[in-house]
Amino acid sequence: MTGISRIGINHIRCIRHAEFTLHPNFTLLCGPNGSGKTSVLEAIHILSLARSFRTQNITKVISDDASKCSVIADYTDLSGGKKVIGVEKNREGDTLMRIDRQAIKTAAELTSLLPLRIISQESYSLIDGSSKGRRQLLDWLAFHVEPQFNQTWGMTQRLLKQRNALLKRKQGFDLNELNSWDTELSQCSEQINEFRTSAFNRFSAHFITYIAELLPSATLRLDLYKGWPENQTLRESLFAGIERDRKLGYTHHSPNRADIAIKVGNKLAAECLSRGQKKILVYALVLAQVATLFSSLKEKHQQLRTLVLIDDMGAELDIKNQNLLLDTLARCNSQVLITGTELAWMKNAISPDRCKLFHVEQGAINLA
Ligand SMILES: Nc1ncnc2c1ncn2[C@@H]1O[C@H](COP(=O)(O)OP(=O)(O)OP(=O)(O)O)[C@@H](O)[C@H]1O
Ligand SMILES: [Mg+2]
């Protein structure tokens with residue numbers, strides 16, 4: 001069973017130094033406002049992705065009186081072997097990442113060991129925000145399931161940048177030159193679309209099951225849009241849109257415009273669900289991702305578990321829904337961390353042998 005156990009956090013916001021051991025199933029972090037609960041989740045996010053989920057600016061994360069921060073953890077891999085993984089970041093923006101003392105070059109190596117999903121106040125943007133978050137629901141799956149995804153994605157972004165630079169060129173451009181970019185861009189983009197479509201088909205099946213269980217009062221539907229007209233290849237749509245793109249100075253149709261429409265009947269969920277219902281919808285989306293990843297990798301005999309971080313679970317959810325979500329989370333084959341100001345009751349709701357409760361106070365983390 002993959003996951004992290006002992007974790008050490010140094011100089012992250014109000015946490016000067018903390019060391020504790022996570023439960024393989026549920027870890028509950030309870031404490032008053034401003035005690036450091038979200039900072040623990042931020043530390044774990046840094047361990048998996050080498051960046052915070054709260055800010056792009058690492059100097060805000062590093063404790064005011066420190067020059068660098070670090071997170072280190074014991075990790076159990078797919079074969080049951082133990083590894084030590086760690087990330088250190090300084091105020092100058094340098095990042096050091098290690099697996100078993102060996103420096104690694106890209107965060108993708110850590111991310112692929114430690115798939116992570118977070119549910120926080122920012123998660124509403126999945127429903128109310130731009131299409132980027134919704135595309136990433138699928139890209140997260142494709143990253144972990146399709147070994148070619150990351151490289152193809154990087155290539156697509158580079159080609160798109162080059163095409164846009166050409167479109168902006170003051171002295172104009174030759175159509176043949178544009179055509180040669182378009183051929184390559186279309187190939188990579190169609191590949192991205194295939195990865196996304198395959199992820200979407202699996203994902204929506206899990207989503208339908210979860211949403212029926214968690215939000216039975218509403219009938220929700222997901223529709224995938226690939227980022228260019230459904231009845232055209234990207235090659236055709238780039239060709240048809242050359243004049244528009246030339247005027248715009250950038251490429252209008254591309255995989256970067258893909259979206260998932262989340263609908264209740266004919267309306268967008270963003271327009272008609274209550275705040276609590278939106279929160280439950282976020283849980284259904286994340287749970288569906290976790291279940292899709294687990295089942296897709298299981299087919300490849302890789303039982304990689306996702307780390308699910310839930311910040312302030314009590315916010316916006318009534319006790320009945322919190323209980324329902326705990327039940328569902330308990331069945332999702334993942335390692336779960338939950339923060340909140342009142343969590344003691346959860347220990348019994350989950351079953352005491354499946355969870356550990358910690359008290360967080362002024363940056364110190366102690367077993368309750
Ligand atoms: N760079 C920093 N250096 C030192 N302390 C910081 C820094 N940034 C934030 N803090 C402090 O860290 C504390 C912990 O913040 P955190 O957001 O983790 O609290 P929390 O327990 O999640 O609170 P809440 O229940 O309100 O969400 C806050 O008191 C904040 O003022
Ligand atoms: Mg918080």
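Annotations
- Considering only residues in segment 248-270 that are touching a Gly at 6+ places or on another chain (Cβ under 8 Å) and closer than 19 Å to F207 by Cβ, the one that is surrounded by the fewest Cβ atoms within 10 Å (Cβ to Cβ) turns out to be D259.
- Remark: pairs (first residue in segment 302-314, assigned by TED's automatic domain parsing to the domain that holds G31 and assigned to a loop (DSSP other than H, G, I, E, B); second residue aliphatic (A, V, I, L, M) and within 11 Å of ligand 2 (Cβ to nearest atom); Cβ separation under 8 Å; 6+ apart in sequence or on different chains) = D311/L41.
- Residue match in segment 244-266 (condition: out of contact with any Asp or Glu (no Cβ under 9 Å at 6 or more places or on another chain), of a type outside the set (V, I, T) and under 30 Å from K320 (Cβ atoms)): yes
- Picking from residues in segment 42-88 that are surrounded by fewer than 16 Cβ atoms within 10 Å (Cβ to Cβ) and among the aliphatic types (A, V, I, L, M), the one that is nearest to V336 (Cα to Cα) is L78.
- Residues of segment 314-368 satisfying the condition of being under 22 Å from Q121 (Cβ atoms) and of a type in the set (V, I, T): I319, T328, V336, I338, T339, T341, V360, I365
- A240 touching a strand residue (DSSP E or B) at 6+ places or on another chain (Cβ under 7 Å) and among the small types (G, A, S): no
- Criterion (within 18 Å of the chain's Cα centre (by Cα) and crowded, with 20+ Cβ neighbours inside 10 Å) met by exactly one of L297, L273, L281: L281
- In summary, helices (runs of 4 or more DSSP H) completely within segment 125-236 and bearing 1 or more residues that are over 18 Å from the mean Cα position of the chain (by Cα) occur at 149-168, 175-214.
- Matching entry among R158, R202 (being of a type in the set (K, R), within 18 Å of F143 (Cα to Cα) and in contact (Cβ under 8 Å) with a residue 60 or more places away in the chain): R202
- Test: residue in segment 41-58 that is over 26 Å from A142 (Cα atoms), assigned by TED's automatic domain parsing to the domain that holds T328, within 16 Å of ligand 1 (Cβ to nearest atom) and of a type in the set (D, E): no
- Checking each residue in segment 300-311 for being surrounded by fewer than 18 Cβ atoms within 10 Å (Cβ to Cβ) and among the charged types (D, E, K, R) picks out only K300.
- Screening segment 323-345 for residues that are within 16 Å of ligand 1 (Cβ to nearest atom) and surrounded by fewer than 18 Cβ atoms within 10 Å (Cβ to Cβ) and picking the one that is modelled with the lowest pLDDT gives A344.
- Condition check for L367: touching a Phe, Trp or Tyr at 6+ places or on another chain (Cβ under 7 Å), at pLDDT 95 or above and either within 20 Å of L22 (Cα to Cα) or surrounded by 18 or more Cβ atoms within 10 Å (Cβ to Cβ) (or both): yes
- Pairing each residue of segment 227-241 that is free of Cβ contacts under 8 Å to residues at least 40 places away in the same chain with any residue that is assigned to a loop (DSSP other than H, G, I, E, B) and surrounded by fewer than 21 Cβ atoms within 10 Å (Cβ to Cβ), provided the two are 6+ apart or on different chains, yields C-beta distances under 7 Å for G227/H253; W228/H253; S237/P229; S237/H253; G241/H252; G241/H253.
The values are calculated or read from the model by the stated rules, or taken from the named source; none is laboratory data. Because the structure is a prediction, the values reported are computed rather than measured. Methodologically, a virtual Cβ is constructed for each residue, glycine included, from the backbone with ideal geometry; neighbour enumeration extends over all protein chains shown.
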